[in-house]
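Structure record follows, encoded as structure tokens.
The values are calculated or read from the model by the stated rules, or taken from the named source; none is laboratory data. Small disclaimer: the values here were computed from a predicted structure and weren't measured. When we count neighbours, we look across all protein chains shown, and the Cβ atoms used for this are built from the backbone with ideal geometry, even at glycine. These area figures cover heavy atoms from the full protein model, side chains too; ligands, DNA and RNA do not enter into them. Shrake-Rupley method; radii C 1.70, N 1.55, O 1.52, S 1.80 Å.
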Amino acid sequence: MAREPLVDGHGRRIGDLRVSVTDRCNFRCQYCMPAEGLPWLERSEVLTFEEIERLVALLSSMGVRDVRLTGGEPLVRRDLPRLVGMLRPLVDDLSVTTNGFLLERDAEALVRAGVTRWNVSVDSLQRDRFFELTRRDALGRVLAGLEHLATFPEAHPIKINAVGLRGFTEDEVLPFAAFAREHPYEVRFIEFMPLDADHAWDLDKVLTGEEIRAAVHEHFPLEAEPREPHSTARTYRFADGRGRIGFINPVSEPFCGDCNRIRLTADGRLRTCLFSLNETDLRAPLRAGASDAELEKTIRDAVWRKELKHRVNDPGFVQPARTMSAIGG
Ligand code: SF4
């Protein structure tokens, strides 16, 4: 049953849902969580696939037709292909953000189940530096998983997300640019955001997209592409036609104006912005037997209060209590 579109108080129509299927991860990236990990949710606290399916079906009927599965690391939920099979008929586009460590094991099943787009997080192409940042000696396995994924024509486009950290990423810029030119992947640099568990984020640690773009352009001239509506990335093609590269600049060039995204956490909280300080509990009403009409009202009320923009650059910015690994990006 089609319902009225889901619209926020600023007139923005919501079309994109990020679903965190777990808060757990098999990596320990320094810009995300401490070496010892975080206290994980109990299994009973995590939404079941059937609960996710019900919420996605409801949101889909309100026009939210693009769904991205995230984590933590979503592939640590072994039966993820089953969820993909449940959601595929409900949406127009189903994508996954992964650290790539389990791609060799799961790529085929997920592609066959219906995943249409892929984002793989890789922050360094050098083994020792990859280990330094993720606290896992896993670069080889991630690259092998990527290669395996790339053998499925329906898996493309494949995007590589690399976090831009000042004092670290500068040495990765040209290797990543060359990587994008030599492989069927689109590399995108993402500015470091204040969502880390250690609350160590500082503007000085952000290597901006523009700085990285200029460094690439100097060696490999770039041509800008028109920005897609609601897009988080500014993309460029290499002037000589050998691939594309992108920059996601939430800190230096926020893209909140036409934001059409909302998020569902693994424990069933609706977040209307990545940096929300408030959340709406959907799990409790779901488990209390709420009707779709009641859930719809709760969702519409929450979305109507969606933040106009983030306040990362504003004096007095308050970092959300929930970390990136528990939001899902
Ligand atoms: S920071 Fe919030 S409002 Fe801005 S683009 Fe991200 S989710 Fe949308």
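Does Thr235 count as open to solvent by less than 30 Å² (accessible area, probe 1.4 Å) and modelled with pLDDT under 95? Don't jump to the end; show me each part of the working.
On the way: open to solvent by less than 30 Å² (accessible area, probe 1.4 Å): yes; modelled with pLDDT under 95: no.
Spelling it out, it is not the case that Thr235 is open to solvent by less than 30 Å² (accessible area, probe 1.4 Å) and modelled with pLDDT under 95.
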For segment 301-329, which positions are surrounded by 16 or more Cβ atoms within 10 Å (Cβ to Cβ) and outside any loop (DSSP other than H, G, I, E, B)?
Ala302, Val303, Met324, Ser325, Ala326, Ile327
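Identify, please: which residue in segment 125-182 is of a type in the set (Phe, Trp, Tyr) and not in a helix (DSSP H, G or I) and is, among those, farthest from Phe247 (Cα to Cα)? Give the steps one after another, and end with the answer.
Going through segment 125-182, the residues of a type in the set (Phe, Trp, Tyr) turn out to be 130-131, 152, 168, 176, 179.
Add one more test, that the residue is not in a helix (DSSP H, G or I), and what stays is 152, 168.
Values: Phe152: 26, Phe168: 17 Å.
This residue is Phe152.
One line per residue, one yes/no per condition, for (1) more than 19 Å from the chain's Cα centre (by Cα); (2) modelled with pLDDT under 95:
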{"position": "Lys159", "(1), (2)": "no, no"}
{"position": "Glu170", "(1), (2)": "yes, no"}
{"position": "Leu174", "(1), (2)": "yes, no"}
{"position": "His199", "(1), (2)": "yes, yes"}
{"position": "Val206", "(1), (2)": "no, no"}
The condition from (1) out of contact with any Ser or Thr (no Cβ under 7 Å at 6 or more places or on another chain); (2) closer than 26 Å to Phe176 by Cβ; (3) basic (Lys, Arg) that Arg12 misses is numbered (2)
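Within segment 32-43, is even one residue over 30 Å from Val206 (Cβ atoms) and touching a residue at least 24 places away in the same chain (Cβ under 8 Å)? Break it down into steps so the answer makes sense when it comes.
First, pick out the residues of segment 32-43 that are over 30 Å from Val206 (Cβ atoms): 42-43.
Checking the rest, the ones that are also touching a residue at least 24 places away in the same chain (Cβ under 8 Å) come to none.
So far as segment 32-43 goes, no, none of its residues is over 30 Å from Val206 (Cβ atoms) and touching a residue at least 24 places away in the same chain (Cβ under 8 Å).
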Check off (1) surrounded by fewer than 19 Cβ atoms within 10 Å (Cβ to Cβ); (2) outside any helix (DSSP H, G or I) for Asp196 and give me the number that stays unchecked.
(1)
Candidate set: segment 37-72, residues that are over 14 Å from Gly268 (Cα atoms) and charged (D, E, K, R); chosen: the one surrounded by the fewest Cβ atoms within 10 Å (Cβ to Cβ):
Arg65
Looking only at segment 1-36, count every residue that is within 22 Å of Leu80 (Cα to Cα) and out of contact with any Gly (no Cβ under 6 Å at 6 or more places or on another chain) and tell me the total.
7
